[in-house]
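Here is the structure we will look at.
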Amino acid sequence: MSRPKKIQILNLTYTIRWVDSAIEVGSDAQGWCDFSNQLIVINKDNSKQVLKEVFLHEIFHALFYAMDLMEPEAADHEQMVTRMATGFCTIWEQNPKAFKWWEGLA
């Protein structure tokens, strides 16, 4: 299955750019999320396990931004867990092909 090129994060559509290991030059980043440009960038040269982790990590960054949870004091622990669960379930339902690909990495 091919890598997803876009992902719906609540009401925002993010483009996913798959890049080579040059992303690590000057940083230890395996990926990043650009909220202003609705862009997620991921190092495609990683192992399946790392890809799986980085993919979700960057999606959670976008979700935290979309739900205004960027600051720890923005919500108490229970509220954050509830929002994350709702948000993740919504994203999973909106993007079955992306998660079918992700599941294949296991």
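Helical runs assigned H by DSSP (4 residues or longer) give the chain a calculated mean residue ellipticity at 222 nm of -14000 deg cm²/dmol, each run adding -39500 (n - 2.57) before division by the residue total. By a straight-distance test (C-alpha under 18 Å), which lysines pair with residue 6 as possible cross-link partners, with residues fewer than eight away in the same chain excluded? Excluding near neighbours in sequence, the set is 44, 52, 97, 100. Considered as an equivalent ellipsoid built on the Cα gyration tensor, the chain has semi-axes of 23, 17, 13 Å, the largest given first. Using Cβ point charges alone (K and R +1, D and E -1), the dipole size of the chain about the Cα centre works out to roughly 720 debye. Note on residue 37 and residue 80: the model spin-label points, each 7 Å out from Cα along the C-beta direction, lie 2.9 nm apart. So what's the net charge close to residue 12: Lys and Arg +1, Asp and Glu -1, counting the other residues with Cβ under 14 Å from its Cβ? Neighbourhood net charge equals -2. Peptides 52-58, 10-16, 36-42 ordered by packing proxy, namely the average of other Cβ atoms within 10 Å per residue, highest first: 52-58, 36-42, 10-16.
None of the figures in this text is laboratory data; all of them are computed from the coordinates on show. Values in this document were obtained by computation on a predicted structure and should not be read as measured data. Backbone-built Cβ (ideal geometry, glycine too); neighbour counts: all protein chains shown.
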